[in-house]
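Notes follow the structure.
The values are calculated or read from the model by the stated rules, or taken from the named source; none is laboratory data. Note that the structure is predicted; figures quoted are calculated from it, not measured. Glycine also receives a Cβ, built like all others from the backbone with ideal geometry; neighbour counts cover every protein chain displayed. Protein only, heavy atoms only, side chains kept; ligands, DNA and RNA dropped before computing areas. Shrake-Rupley method; radii C 1.70, N 1.55, O 1.52, S 1.80 Å.
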Amino acid sequence: MTARLEIRSLHKRFGALAVTDGISLDIAPGELHAIIGPNGAGKTTLVAQLSGQLAPDSGQVLYDGRDITHMDMAGRVHLGMARSFQITTILHGFTVLQNVALAVQARKGSSFRFFGRADAEPALNAAAIGYLRQVGLAERAGDVARNLSHGEHRQMEFAIALATAPRLLLLDEPFAGTGRQEAEQLLALMRQIKGKQTTLLVEHDMNAVFALADRISVLVYGRIIATGTPGEIRANAEVRAAYLGEEDAAC
Amino acid sequence: MSDSPAPTTAPPASPAAPLRRPRLFSRGAAALAIFGLMALVPLVAHLSDDPFLTVAFTRILVFAIAALSLDLILGYGALVSFGHAAYVGFGAYAVAILSRHGITDIFVHLAAGIGVAVIFAVLTGAIALRTRGVYFIMITLAFGQMAYFFFTSLSAYGGDDGISLRGRSTVLGTDLLAHNSVLFYVTLGALVGLYLLAAAVVNSRFGRVLAGTREDALRMQAIGFRPFRYQLAAFVIAGAMASISGVLLANQAEFVSPAYMSWHRSGELIVMVILGGIGTLLGGVVGAVVVLLLEEWLSVFTTHWRMGLGLVLILVVLFSPKGIAGLFERLLGRGK
Ligand SMILES: Nc1ncnc2c1ncn2[C@@H]1O[C@H](COP(=O)(O)OP(=O)(O)OP(=O)(O)O)[C@@H](O)[C@H]1O
Ligand SMILES: [Mg+2]
């Protein structure tokens, strides 16, 4: 079976800093693959290259066996790649419902329609409400996005990503800044989609990572120092030294 | 901002009614009131025996159309075009140049003006939209000035001095527009029609995407949109609308000159939109009325009337970022 996502010796430098230093990785369809690593390891930069926001210096990205290294972000979204951002990226002046409905609109019919109220399209709104319900945000649908709490913004990010009907989810720290209850809700949701949805999860929350991941890769200074099942990673001495030990100490 | 964070105890908004109908309705009412008052101007002019009033207000309506078209890209796309007056000029010169060669029909004038505006908007927009922020302002300014200097150099059509029309455009062979009040109502009709068109566009699928690019272009790309296409389309629509105002301006003044296209004019259009209320459509209309009336009155007292206008602008922006329209919305207790 071809991998859903295949990363082949990806390189990216910012000046003298090799932020992505020869990363190769396969993600199988249905897999939930977590990437962990210390701050500044290059996780977000990797996600940015996978989603088409940043161009790598060299290397390739294959999606279902197809080379998409030079495809733009919108093109990848239409192939089924969705991304949530570490730093909340939403339309603050739009309502919650509009934010999600717009993601539905992007894949349902042309947006070069100049007449007819978009807000009144039942198909878009009904689908959007469905995704909001999934993340537990349906009762906030009519509120302007900027008035939501930080945790709710994280839930929105997730709903928007789901609304693009992805075949591959790239999630950059979806748990960051969520309160306890929101985190539990998110964890339950992730459990639900696990197995059905192919996911690359970048996350600092070790509870979530070890609870969810099929496989884990550890990224340090732009390199993957280990890939394995949660059990293997936990037992890996190098990982403990480079990362987990420090994380345990911090918590 | 008037919207305060929603208290957590607020009743949950019904997902079935996210449309904020009441506010929409109040905008419709405001539009009706403004356009209705405008429609009375020829009557007032007649009663007060002041025919100049009708002509003066025709000019105001013309600039209201131009400001409305600018608000479409400025207010809904956050595209600060500093060359918008060029499109007014294209419409005006379509009338002047074609009339000079014996083609006087207004529909031909409109078609020519819109055609040139669309071509110019596609070409310059495709380049300008590769840039952001200040660079976009500068490059649209540069293209606007290019158009300005081009018409300045057209000595066959008056060059720098401009060119007087022998008469107004004809309508299917008749000289209907020769009557000031007819031209007034035609201009008002165009304004109302274009306002309704713009209102439909900003609420459409297209308009929602455009407003999305204003809010966050990265987010739009991340859900699968390419902002450039939508911004360019909006840029072209706005240019075409502005050229219609140019056709009407030439008819109102019976004179056309490159001064219509200068960057001062573009700046004035921006002032109208900001003063009236950016991103409200009706704000552009109100802004045009206020700016041109202030210009009329202040210039009686002082040649430095622009300073007075600047002062008013600063006050409005300080106390109401959404301009006069925002002020009204707050006074009438709209919003949320
Ligand atoms: N556009 C940029 N230009 C220059 N340096 C950058 C840029 N973006 C990121 N960096 C640097 O690259 C390194 C990796 O950043 P990145 O955001 O990918 O880390 P991360 O693993 O996501 O960290 P965190 O866990 O804090 O989110 C950091 O040292 C950062 O300062
Ligand atoms: Mg990061």
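If I ask for residues that are within 16 Å of ligand 2 (Cβ to nearest atom) and open to solvent by 30 Å² or more (accessible area, probe 1.4 Å), which ones from the stretch A:60-87 would you list?
Across the stretch A:60-87, the qualifying residues are A:Gln86, A:Ile87.
Each row is one residue, and each column tells you yes or no for (1) within 14 Å of chain A (Cβ to nearest Cβ); (2) on the phi > 0 side of the Ramachandran plot; (3) modelled with pLDDT of 95 or more.
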residue	(1), (2), (3)
B:Ala17	yes, no, no
B:Ala29	no, no, no
B:Asp50	no, no, no
B:Phe57	no, no, yes
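Does any residue in the stretch A:7-23 that is over 15 Å from A:Thr69 (Cβ atoms) come within less than 6 Å, Cβ to Cβ, of a residue that is in a strand (DSSP E or B) and within 13 Å of ligand 1 (Cβ to nearest atom) six or more places away or on a different chain, and which pairs are these?
Pairs that qualify, where the first residue is over 15 Å from A:Thr69 (Cβ atoms) and the partner is in a strand (DSSP E or B) and within 13 Å of ligand 1 (Cβ to nearest atom), are A:Val19/A:Lys12; A:Asp21/A:Arg223.
Please go through the stretch B:79-122 and give me each residue that is assigned to a loop (DSSP other than H, G, I, E, B) and surrounded by fewer than 24 Cβ atoms within 10 Å (Cβ to Cβ), ordered by number.
B:Val80, B:Phe82, B:His101, B:Gly102, B:Ile103, B:Thr104
Can you name the number of the only condition in (1) open to solvent by less than 50 Å² (accessible area, probe 1.4 Å); (2) touching a Ser or Thr at 6+ places or on another chain (Cβ under 9 Å) that B:Ala56 fails?
(2)
Out of curiosity, is A:Gly136 crowded, with 18+ Cβ neighbours inside 10 Å, within 16 Å of ligand 2 (Cβ to nearest atom) and at positive phi?
Details: crowded, with 18+ Cβ neighbours inside 10 Å: yes; within 16 Å of ligand 2 (Cβ to nearest atom): no; at positive phi: yes.
The answer is no for A:Gly136.
Just the residues that are open to solvent by less than 20 Å² (accessible area, probe 1.4 Å), facing chain A (nearest Cβ under 7 Å) and of a type in the set (S, T, N, Q), please, taken from the stretch B:197-239.
The one that is open to solvent by less than 20 Å² (accessible area, probe 1.4 Å), facing chain A (nearest Cβ under 7 Å) and of a type in the set (S, T, N, Q): B:Ser204.
Looking only at the stretch B:277-303, count every residue that is of a type in the set (Ser, Thr, Tyr) and open to solvent by less than 30 Å² (accessible area, probe 1.4 Å) and tell me the total.
Total satisfying the criteria: 1.
Quick check on my filter: what residues within the stretch A:1-24 are out of contact with any Lys or Arg (no Cβ under 6 Å at 6 or more places or on another chain) and either closer than 11 Å to A:Gly222 by Cα or within 16 Å of ligand 2 (Cβ to nearest atom) (or both)?
Step one: of the stretch A:1-24, the residues out of contact with any Lys or Arg (no Cβ under 6 Å at 6 or more places or on another chain) are A:1-18, A:22-23.
A:Leu10, A:His11, A:Lys12, A:Arg13, A:Phe14, A:Leu17, A:Ala18, A:Gly22, A:Ile23, listed by residue number.
Do we find that A:Gly65 is small (Gly, Ala, Ser) and within 16 Å of ligand 1 (Cβ to nearest atom) in this structure?
It is false that A:Gly65 is small (Gly, Ala, Ser) and within 16 Å of ligand 1 (Cβ to nearest atom).
Within the stretch A:75-86, can you find the residues that are closer than 27 Å to A:Phe175 by Cβ and away from ligand 1 (no atom under 16 Å from the Cβ)?
A:Arg76, A:Val77, A:Leu79, A:Gly80, A:Met81, A:Ala82, listed by residue number.
Need the failing condition index for A:Pro29 against (1) within 13 Å of the chain's Cα centre (by Cα); (2) assigned to a loop (DSSP other than H, G, I, E, B), just the number.
(1) is the only condition that A:Pro29 fails.
So how many residues does the stretch B:120-135 have that are out of contact with any Phe, Trp or Tyr (no Cβ under 9 Å at 6 or more places or on another chain) and among the hydroxyl-bearing types (Ser, Thr, Tyr)?
2
Of all residues being of a type in the set (S, T, N, Q) and more than 8 Å from ligand 1 (Cβ to nearest atom) in the stretch A:39-59, which is most open to solvent (accessible area, probe 1.4 Å)? Just the residue, please. Lay out the reasoning, then the answer.
Here is the first cut: in the stretch A:39-59, the residues of a type in the set (S, T, N, Q) are A:39, A:44-45, A:49, A:51, A:53, A:58.
Now narrow it down to the ones that are more than 8 Å from ligand 1 (Cβ to nearest atom): A:49, A:51, A:53, A:58.
On the way: A:Gln49: 1, A:Ser51: 9, A:Gln53: 80, A:Ser58: 51 Å².
Going through the qualifying residues, I end up with A:Gln53.
Helices (runs of 4 or more DSSP H) wholly in the stretch A:37-122 with at least 1 residues that are β-branched (Val, Ile, Thr), more than 10 Å from chain B (Cβ to nearest Cβ) and within 30 Å of A:Asn147 (Cα to Cα) - which ones? Give the steps one after another, and end with the answer.
Working: elements: A:43-51, A:73-79, A:96-105.
Helices (runs of 4 or more DSSP H) meeting the threshold: A:43-51.
If you take the residues of the stretch A:36-49 that are at pLDDT 95 or above and hydrophobic (A, V, I, L, M, F, W, C), which of them is farthest from A:Gly80 (Cα to Cα)?
That would be A:Leu46.
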